[in-house]
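Peer 1: This is the structure I have questions about; it appears just below.
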Amino acid sequence: MTASVTPLHPLLEVKGLRMHFPVTEGMLTRRLVGEVKAVDGVDFTVRRGETLGLVGESGCGKTTTGRCILRLERPTAGEIIYDGIDLAGLRRKDLLALRRRIQVIFQDPYSSLNPRMTVGAIIDEPMKVHGIEPNATSRGERVRELLSICGLNPSFADRYPHEMSGGQRQRVGIARALALNPEFIVCDEPVSALDVSIQAQVVNLLEDLREQFGLTYLFIAHDLSVVRHLCQRVAVMYLGRIVEMADSDALFDAPLHPYTQALLAAVPVPDPSIEQTRVFRPVQGEVPSPINPPSGCVFHPRCPIAVESCKHTRPEPREVRPGHVVACSQVDN
């Protein structure tokens with residue numbers, strides 16, 4: 001792997017991405033009764049060498065977006081342009097070569113590792129499948145090297161996943177993702193299942209690996225404090241759509257969309273004296289069903305600044321400040 005990075009060149013461009021899952025009923029004759037609009041028109045770019053955070057509450061479509069980029073799901077519509085190649089329309093055999101360049105770190109370190117395989121075999125398998133190193137001895141040396149890079153003792157190669165802690169298992173998952181020398185890694189909430197003290201270690205490891213190997217991350221999360229520490233830019237999703245996107249500091253210091261403001265207002269402040277004086281205003285109402293999303297702005301039923309036009313007109317994302325995009329008609333330039 002090399003550390004050469006061109007920061008401003010977009011490695012990934014997502015345009016008009018939609019992922020709708022059919023809802024059917026009936027035992028013998030299945031008929032379509034609706035669609036779950038998990039992702040409903042998403043646009044963003046990821047620059048080479050950066051970490052883009054994708055945040056939002058559970059069910060907003062973050063993980064489905066990541067699965068579409070990985071082509072674990074075939075999107076309903078839209079383009080996923082990776083280094084000039086549209087992944088959305090590629091056939092299975094054409095995707096195989098790109099699998100080496102795009103990898104994933106899963107959320108759950110307990111279920112993402114095969115319990116019947118040793119750690120060494122788990123990391124070795126992708127190299128064997130893709131024919132990177134035909135020599136078994138060389139692959140074993142590479143496995144031990146990857147374990148060391150990820151902060152584990154090389155002797156762990158002989159252990160099984162059940163013999164390791166959650167943080168150690170997630171490091172194995174990171175080592176497996178690195179085995180194919182990828183350029184781009186989708187991190188699907190990689191620290192949410194870990195203890196807070198272990199989260200910090202894994203986040204620091206991911207940051208070190210990005211700098212060392214020139215990696216590019218899409219970091220999917222709901223913990224905003226982790227996102228602020230790791231990500232250069234942040235995109236906020238709500239009900240299948242991106243409502244705000246900006247540089248990390250700009251978004252956390254001056255959020256523009258009412259939903260982003262509510263998310264940040266819910267983050268606890270570590271100073272007890274400040275926390276006691278804060279007025280917490282939770283978002284009113286419940287998240288609408290993605291089967292029947294609201295017309296117009298999807299956030300309008302819960303928005304404190306919504307007006308009549310918000311019920312009928314879907315706001316298009318617009319750049320209201322340099323690099324700061326928001327989908328809200330009530331935000332001034």
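Peer 1: Report, by residue number, each residue of the range 72-105 that is under 20 Å from residue 19 (Cα atoms) and touching a Gly at 6+ places or on another chain (Cβ under 7 Å).
Peer 2: Those that are under 20 Å from residue 19 (Cα atoms) and touching a Gly at 6+ places or on another chain (Cβ under 7 Å): 77, 78, 79, 88.
Peer 1: Name the residues in the range 134-149 that are farther than 25 Å from residue 201 by Cβ and of a type outside the set (A, V, I, L, M), would you?
Peer 2: 134, 135, 137, 138, 139, 140, 141
Peer 1: Let me ask another. Within the range 196-206, can you find the residues that are within 18 Å of the chain's Cα centre (by Cα) and either crowded, with 17+ Cβ neighbours inside 10 Å or touching a residue at least 24 places away in the same chain (Cβ under 8 Å) (or both)?
Peer 2: Correct list: 199, 202, 203, 205, 206.
Peer 1: Continuing with this model, one more query. Could you tell me whether the range 112-120 includes any residue that is in a helix (DSSP H, G or I) and over 30 Å from residue 35 (Cα atoms)?
Peer 2: yes
Peer 1: Every residue in the range 254-294 that is assigned to a helix (DSSP H, G or I) and either among the basic types (Lys, Arg) or over 25 Å from residue 332 (Cβ atoms) (or both), please.
Peer 2: 272, 273, 274, 275, 276, 277
Peer 1: Oh, and also: Is it the case that some residue within the range 19-41 is out of contact with any Leu (no Cβ under 7 Å at 6 or more places or on another chain), closer than 18 Å to residue 219 by Cβ, in contact (Cβ under 8 Å) with a residue 40 or more places away in the chain and crowded, with 18+ Cβ neighbours inside 10 Å?
Peer 2: The answer is no, given that none of the residues of the range 19-41 is out of contact with any Leu (no Cβ under 7 Å at 6 or more places or on another chain), closer than 18 Å to residue 219 by Cβ, in contact (Cβ under 8 Å) with a residue 40 or more places away in the chain and crowded, with 18+ Cβ neighbours inside 10 Å.
Peer 1: Those residues that are farther than 17 Å from residue 240 by Cα, touching a Ser or Thr at 6+ places or on another chain (Cβ under 9 Å) and small (Gly, Ala, Ser), I need them from the range 273-316; list them, please.
Peer 2: 309
Peer 1: Do we have residue 325 as of a type in the set (Val, Ile, Thr), outside any loop (DSSP other than H, G, I, E, B) and either in contact with a Pro (Cβ under 7 Å, 6 or more places away or on another chain) or exposed (fewer than 10 other Cβ atoms within 10 Å of the Cβ) (or both) here?
Peer 2: yes
Peer 1: Tell me yes or no: at least one residue of the range 26-43 is assigned to a strand (DSSP E or B) and under 24 Å from residue 230 (Cα atoms).
Peer 2: Yes: the range 26-43 contains one or more residues that are assigned to a strand (DSSP E or B) and under 24 Å from residue 230 (Cα atoms).
Peer 1: So, one more: Of all residues in the range 18-71, which are among the basic types (Lys, Arg) and touching a Ser or Thr at 6+ places or on another chain (Cβ under 7 Å)?
Peer 2: Matches in the range 18-71: 18, 30, 31, 48.
Peer 1: Restricting to the range 304-333, what's the tally of residues that are under 12 Å from residue 257 (Cβ atoms) and at pLDDT 90 or above?
Peer 2: Result for the range 304-333: 9.
Peer 1: Also, quick follow-up: Looking only at the range 144-180, how many residues end up being surrounded by 14 or more Cβ atoms within 10 Å (Cβ to Cβ), out of contact with any Leu (no Cβ under 8 Å at 6 or more places or on another chain), closer than 19 Å to residue 208 by Cα and not charged (D, E, K, R)?
Peer 2: 4
Peer 1: Residues to consider are 47, 100; find the one that is surrounded by fewer than 19 Cβ atoms within 10 Å (Cβ to Cβ), more than 29 Å from residue 259 (Cβ to Cβ) and touching a residue at least 24 places away in the same chain (Cβ under 8 Å).
Peer 2: 100
Peer 1: Could you check residue 55 against (1) touching a Leu at 6+ places or on another chain (Cβ under 9 Å); (2) over 20 Å from residue 231 (Cα atoms) and say which number it fails?
Peer 2: Looking at each condition in turn, residue 55 falls short on (2).
Peer 1: Continuing with the same structure: Looking at the range 68-82, which of its residues are in contact (Cβ under 8 Å) with a residue 60 or more places away in the chain and either closer than 19 Å to residue 47 by Cβ or outside any strand (DSSP E or B) (or both)?
Peer 2: The answer is 69, 70, 79, 80, 81, 82.
Peer 1: Does the range 92-105 contain any residue that is more than 27 Å from residue 291 (Cβ to Cβ), out of contact with any Leu (no Cβ under 7 Å at 6 or more places or on another chain) and in a loop (DSSP other than H, G, I, E, B)?
Peer 2: Scanning the range 92-105 turns up at least one residue that is more than 27 Å from residue 291 (Cβ to Cβ), out of contact with any Leu (no Cβ under 7 Å at 6 or more places or on another chain) and in a loop (DSSP other than H, G, I, E, B).
Peer 1: Next up: Among the numbered criteria (1) within 20 Å of residue 187 (Cα to Cα); (2) surrounded by 14 or more Cβ atoms within 10 Å (Cβ to Cβ); (3) free of Cβ contacts under 8 Å to residues at least 60 places away in the same chain, which one does residue 130 miss?
Peer 2: (1)
The values are calculated or read from the model by the stated rules, or taken from the named source; none is laboratory data. Just so we're clear, the structure is a prediction, and the values are computed from it rather than from any experiment. Heads up, the Cβs are rebuilt from the backbone with ideal geometry, glycines too, and the neighbour counts pull from every protein chain shown.
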